[in-house]
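Below: one structure, written as structure tokens.
The values are calculated or read from the model by the stated rules, or taken from the named source; none is laboratory data. None of the values given here were measured: they were computed from a predicted structure. Methodologically, a virtual Cβ is constructed for each residue, glycine included, from the backbone with ideal geometry; neighbour enumeration extends over all protein chains shown. When the accessible area is computed, the model is the full protein with side chains, heavy atoms only, and any ligands, DNA or RNA have been set aside. Shrake-Rupley method; radii C 1.70, N 1.55, O 1.52, S 1.80 Å.
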Amino acid sequence: MRVEIKFRPAEEGTVLPFNYNYDVYTQLIEKMAVVSPELAREARVSHVDYLTFSRIMVRKRELIPDKGIRVLSDDVSLYISSSSSEIIKAVVVGFIDSPILQIGDAAFIADDIKMLKEPKIKNEALFSTLSPIMVRTVKLGSNNMKIWDLYPNERAFFEKLRKVMLMRYSAIMGAMPEDKDFTIDVIKFKPVRILVKDTYYRGSLMIFRYRGSLEIARFGYENGFGEKTRYGFGMVKVIDEKPRREDQE
């Protein structure tokens, strides 16, 4: 289930900080808690990532170095997705009851909330990220172990992504998918670095072609691809490759 929330800046000239993921995450948990404290607590303390969300989409903007993004459009959009309808409904009701989204000194007011129609997911699809995909590994040094964030141009990225998706699928769905095999071919990617609380994470915005397990394709669309999706990583959309009518004619 996926929802789009449109927010109106509370003040003209609002500047959205560059690193807002943790603020969004904590407030999604707070909105859930308005409806179901038990559900919010499970989403917060569990090692399982039950949801994902997009970058905040600002259609018209101005970049302010060392500060953030000055919002010049009338509204901004945030997409939230989960295979749990209870989580999505709790977030929606939470924003209806308490419509303020506070990110640093920037305040936004929820003006419109819309449930989105699910696209038809196939076992071959072209995906584009709405938030960067992040996967990690551990590198062994002479005297220590180091957590290393991977990019798609590293072979280990795909091996780790496959393991992560299978583990997350099993944890949330309660069993392994019948078809466990899938591949992704990255068409292009852009590396990004995002500060979440006090830790920087490296991820990749990308367009990629997915082939393989239909179960994992649907799971990835609903819950995100990769790790740390609760912090706003791994959300994708389907790119419609159908030719337009005028092109056919």
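Within the range 11-33, the set of residues being under 17 Å from Val92 (Cα atoms) and open to solvent by 80 Å² or more (accessible area, probe 1.4 Å) comprises Glu30 only.
Checked against the criterion of being in contact with a Phe, Trp or Tyr (Cβ under 7 Å, 6 or more places away or on another chain), touching a residue at least 40 places away in the same chain (Cβ under 8 Å), open to solvent by 50 Å² or more (accessible area, probe 1.4 Å) and part of a strand (DSSP E or B), the candidates Ile109, Ile5, Ile113 yield just one match: Ile113.
For the structure I just gave you, tell me whether Ile69 is assigned to a helix (DSSP H, G or I) and touching a residue at least 12 places away in the same chain (Cβ under 8 Å). Judged against the criteria, Ile69 is not a match. The number of residues in the range 67-96 being touching a Phe, Trp or Tyr at 6+ places or on another chain (Cβ under 9 Å) and among the acidic types (Asp, Glu) comes to 1.
Restricting attention to the range 64-73 and to residues that are at pLDDT 95 or above and open to solvent by 50 Å² or more (accessible area, probe 1.4 Å), the residue that is nearest to the chain's Cα centre (by Cα) turns out to be Arg70. Every residue in the range 146-178 that is closer than 19 Å to Pro132 by Cα and acidic (Asp, Glu), please. Scanning the range 146-178 gives Asp149, Glu154, Glu159.
Of the numbered criteria (1) open to solvent by 20 Å² or more (accessible area, probe 1.4 Å); (2) over 19 Å from the mean Cα position of the chain (by Cα), the one Phe182 fails is (1).
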